[in-house]
Amino acid sequence: MSASVSMPLGGVQVGSYDSYEQAQAAVDYLSDQKFAVENVTIIGTDLRMIETVTGRLTRGRAVGAGAAGGAWWGLFVGLLLGIFAPDGSQWLSSVLVGLLIGVVFGAVFGAMGYAATQGKRDFTSTSKITAGRYDVMCNPAHAEEARGHLARFSLRG
């Protein structure tokens, strides 16, 4: 089903909230009231990206992180190869060889990745997208019913 040109994406606004958790709680309340929530959309507006710096990135940390990631992949590949080993002694050696090769390759690729930045990004960080406001939108045919439920929801406190 496609949206009408005159109708904004998601329908008409039936509620507006400062946090996603509040908007989610409102839609959950609509669901508890047996409202057809498939007619509802939550739209975040005034988006912003927040990057939190978590630490300094050094060559040693880059190599260590690469080695750790490589160890997991090597362990995984070693376990897969070990499953098909003809006897038990080769199973253990397959796992250990896979682990060792994974550590070496991970460390090398970690060092190469660090060198490729040429000192332009010597920090680690996490990022997330947040919205300034979350609007609960509804199909116009069901909007008044949704507004009535959400009015009772806002009175609950």
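The values are calculated or read from the model by the stated rules, or taken from the named source; none is laboratory data. No experiment lies behind these values; they were computed from the predicted model shown. No Cβ is skipped: glycine too gets one built from the backbone with ideal geometry, and neighbour counts run over all protein chains shown. All accessible areas refer to the heavy atoms of the entire protein, side chains included, with ligands and DNA or RNA removed. Shrake-Rupley method; radii C 1.70, N 1.55, O 1.52, S 1.80 Å.
If you go through region 119-147 and keep only what is part of a helix (DSSP H, G or I) and either without any contact (Cβ under 8 Å) to a residue 60 or more places away in the chain or in contact with a His (Cβ under 6 Å, 6 or more places away or on another chain) (or both), you end up with just Glu144.
Which one of these is more than 25 Å from the chain's Cα centre (by Cα), modelled with pLDDT under 95 and of a type in the set (S, T, N, Q): Ser93, Ser125? Answer to the check: Ser93.
Residues of region 1-42 that are of a type in the set (D, E, K, R) and either under 17 Å from Asp135 (Cα atoms) or modelled with pLDDT under 90 (or both): Asp18, Glu21, Asp28, Glu38.
Restricting the first member to region 11-40 and to residues that are free of Cβ contacts under 8 Å to residues at least 40 places away in the same chain, and the second to residues that are of a type in the set (A, V, I, L, M, F, W, C), the beta-carbon pairs closer than 7 Å and six or more apart or on different chains are Ser31/Val37; Val37/Val27; Val37/Leu30. Filter region 112-138 down to the residues that are on the phi < 0 side of the Ramachandran plot, open to solvent by 30 Å² or more (accessible area, probe 1.4 Å) and among the small types (Gly, Ala, Ser) and list them by number. Selection gives Gly113, Ala115, Ala116, Ser125, Ser127, Gly132. Filtering Arg48, Arg61 for residues that are of a type in the set (D, E, K, R) and in contact with a helix residue (DSSP H, G or I) (Cβ under 9 Å, 6 or more places away or on another chain) leaves a single hit, Arg61. On inspection, Thr58 does not qualify as open to solvent by less than 80 Å² (accessible area, probe 1.4 Å), farther than 17 Å from Gly113 by Cβ and not aliphatic (A, V, I, L, M).
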